[in-house]
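What follows is a single structure, written as structure tokens, with notes after it.
Just so it is clear, none of the values below were taken in a lab; they were calculated from the coordinates. If you're wondering where the values come from, they're calculated on a predicted model, not measured in any experiment. So basically every Cβ, Gly included, is an ideal-geometry build from the backbone, and we count neighbours across all protein chains shown.
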Amino acid sequence: MFSAFFLPSFDWIQIEVSGLCNAKCLYCPHTVWQKDWLGANLSLATFKTLLPYLKKTKLVYLQGWGEPLLNPEFFEMVNLAKAHGVKVGFTTNGTLINEHIAEKIVFSQVDVLALSLAGIETNDRIRKGTSLNQVLKAIETINSAKARLKQQNPQIHIAYMLLRSNEYELERLPEFLAGYGIQEIIVSLLDFVPSKELEEECLAPQTEEDFNLLKKRAEKVAEKANSLGLKMIFNLPSPRSQGRVCSENPIKSLFINSLGMVSPCVFTGIPVKQKTNVYFGSIYQEPLKSIWNKQEYKKFRKTHLSRDKPPVCVTCPKARIELVF
Ligand code: SF4
């Protein structure tokens, strides 16, 4: 009890329980940097070393750059996390959700389940190896399991990727997704662009004028969604700076990838060779508390709060996010 008292507390810890994936989404570093990919399954033994911290954490999000359900120990991790009183969420591509898995998700009392989509008719081309129909079927299967087991959770969210090639479908989205029992649609732009060829897909506005146009468009779509009982939130990077802390909240949150490396956010902890990640230590080598309290990590957080942000944050769209809903 006393040792837990001295542990740091977090708003959330994001843990990449699997850095493996069965899909090949065109915009994902896992696809683009496949040759150098190091992502793996995090072991249950390693996960267990993090449990004491979960008592002082509001949310643990079990996902990074892979498909969490590919980790055979996933449900044991969820059960352990829930037993430590923390909220649990994860994002999935939906390909592995059948009736049995849906029941396990509901039974283990996962709080939030997000399913990824990137378009309506464009989704299957952009998110290769996944399908829109599978995602919709997965939602229905989860909803049936919730009804059968008389459970309210998990809340179902859609993590929607808005790209140049699917933007023409945006206005149709609310009507298309209404009636599925979805609680939130969270729309993001391509915040991390893993190759030059993908730059074209990123809709991040470069000027104030472009930002205002996109914002207006987003407001209209969100309003339509609202009228259909759907909450829709857009994460739009503004051309000007927004506040002191970026939307990944590195002051009170962190990311641990499937290699056990600790970094401030998913964008600085991609499990791949020869990329400039910002790692502050490995949970295989030292306790998370020692990593969090290292001088260089403290300095990163202090600098992030200042005007002179760390170099990796200076150009990051997450430092300029404006929420539109
Ligand atoms: S600004 Fe970007 S790189 Fe820096 S901590 Fe936030 S998300 Fe990570």
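Against the 2.2 N^0.38 Å scaling, with N counting residues, where does segment 53-167 land? I'd like the Cα-based Rg ratio to two decimal places.
It is 1.08.
Out of all DSSP beta bridges in segment 1-116, what portion is antiparallel? Express it as a percent rounded to 5. Can you show the working numbers first?
On the way: 1 of 12 bridges.
The antiparallel proportion sits near 10 percent.
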* To do: Go ahead and run the numbers for FRET between residue 208 and residue 4, Cβ-Cβ distance against an R0 of 41 Å, rounding to 0.05.
  => 0.30
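So if I average 1/r over every pair of distinct C-alpha atoms in segment 194-248 and take the inverse, what Kirkwood radius in Å does that give? Could you put the intermediate results ahead of the total?
Details: mean 1/r = 0.0763 Å⁻¹.
Result for segment 194-248, one decimal place: 13.1 Å.
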* Which whole-number percent gives the relative contact order of segment 194-325, counting Cα pairs below 8 Å spaced six or more residues apart? -> 31 percent
* Viscosity 1.002 mPa s, temperature 20 °C, Stokes-Einstein D of segment 7-75 from Kirkwood C-alpha radius, µm²/s -> 164 µm²/s
* Inter-label distance for residue 140 and residue 249, nm, one decimal - labels placed 7 Å from Cα along Cα-to-Cβ -> 3.5 nm
* Asked: To the nearest Å, what is the center-to-center distance of segment 118-180 and segment 239-270, using C-alpha atoms only?
  -> 26 Å
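Assuming a ≥ b ≥ c are the square roots of the Cα gyration tensor eigenvalues, decide whether segment 240-325 counts as rounded (a/c under 1.5), prolate (otherwise, with a/b larger than b/c) or oblate. Please report the intermediate quantities before stating the final value.
Details: a/c = 1.97, a/b = 1.57, b/c = 1.26.
Verdict is prolate for segment 240-325.
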* Asked: Using θ = phi - 60° and the Karplus curve 6.51 cos²θ - 1.76 cosθ + 1.60, what whole-Hz ³J(HN,Hα) does each residue of segment 17-24 get, with Gly and Pro shown as x?
  -> 6, 9, x, 9, 8, 9, 10, 9
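To the nearest 0.05, how large is the calculated FRET efficiency for residue 120 and residue 43 if R₀ is 35 Å and r is the Cβ-Cβ distance? Mind showing how you got there, number by number?
On the way: r = 38 Å, r/R0 = 1.10.
FRET efficiency, residue 120 to residue 43: 0.35.
Quick check: residue separation of residue 298 and residue 216 times 0.36 nm, minus the Cα distance between them. What number comes out in nm?
Extra length from residue 298 to residue 216 when fully extended: 25.6 nm.
Report the charge-dipole magnitude of the chain in Debye, nearest 20, computed about the Cα centre from +1 at each Lys and Arg Cβ and -1 at each Asp and Glu Cβ. Please list the in-between numbers first.
Numbers: 40 positive and 32 negative charges, 227 e Å.
Result for the chain is approximately 1080 debye, rounded to the nearest 20.
How high is the FRET efficiency from residue 223 to residue 155, r the C-beta distance, R0 30 Å, rounded to 0.05? Please list the in-between numbers first.
Values: r = 22 Å, r/R0 = 0.72.
The pair residue 223/residue 155 has a calculated efficiency of 0.90.
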* Label point distance in nm, residue 305-residue 167, each placed 7 Å from Cα along Cα→Cβ -> 3.7 nm
* Taking 1 over the mean of 1/r across every pair of different Cα atoms in segment 109-220, what Kirkwood radius in Å do you get? -> 15.5 Å
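What translational diffusion coefficient, to the nearest whole µm²/s, does the chain have by Stokes-Einstein, given a Kirkwood radius computed over alpha-carbon pairs, a temperature of 4 °C and 1.567 mPa s viscosity? Mind showing how you got there, number by number?
Values: Rh = 20.4 Å.
Roughly 64 µm²/s, to the nearest whole number.
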* Out of residues 5 or more away from residue 38 or on other chains, whose amide H comes under 5 Å of its own, with H placed 1.01 Å from N in the peptide plane? -> 272, 273
* For the chain, build the charge dipole from Cβ charges (+1 Lys, Arg; -1 Asp, Glu) around the Cα centre, then report which of 139, 247, 288 sits farthest towards its positive end. => 288
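Per residue, what volume in Å³ does the convex hull of the Cα atoms of segment 41-116 enclose? Walk me through the numbers before you get to the answer.
Numbers: hull volume 6.3 nm³, N = 76.
So the per-residue Cα hull volume is 83 Å³.
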* Hey, in the GNM for the chain with a 10 angstrom Cα cutoff, which one of 308, 124, 11 fluctuates hardest? -> 308
* Could you calculate the contour length gain from residue 75 to residue 99, that is, 0.36 nm times the residue separation minus the distance between their Cα atoms, to one decimal place in nm? => 7.1 nm
* Asked: In a GNM of the chain with a 10 Å cut-off on Cα contacts, which of 312, 278, 112 has the highest mean-square fluctuation?
  -> 312
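Counting Lys and Arg as +1 and Asp and Glu as -1, each charge on the Cβ, what is the dipole of segment 179-273 about the Cα centre in debye, to the nearest 20? Show your work: numbers first, answer last.
Details: 11 positive and 12 negative charges, 70 e Å.
For segment 179-273, the charge dipole is close to 340 debye.
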* Looking at the chain, which Cys residues are left with no other cysteine's beta carbon under 4.7 Å from theirs? -> 21, 202, 246, 265, 313, 316
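Where does the charge balance sit around residue 166 when Lys and Arg score +1, Asp and Glu -1, over other residues with C-beta under 12 Å from its C-beta?
-2
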* To do: For residue 274 and residue 241, compute 0.36 nm times the residue count separating them, minus their Cα-Cα distance, and round to one decimal in nm.
  => 8.9 nm
* **Whole-angstrom gap from segment 194-233 to segment 38-117, using each part's C-alpha centre** => 29 Å
* If you look at just the Cα atoms of segment 180-320, how large are its Rg and its Dmax in Å? -> 17.6, 52
* Asked: Across every pair of different alpha-carbon atoms, what Kirkwood hydrodynamic radius in Å does segment 175-216 reach?
  -> 12.9 Å
* Structure fact -> Placing +1 on each Lys and Arg Cβ and -1 on each Asp and Glu Cβ in the chain, then taking the dipole about the Cα centre, the residue among 32, 47, 105 whose Cα reaches farthest towards the positive end is 47
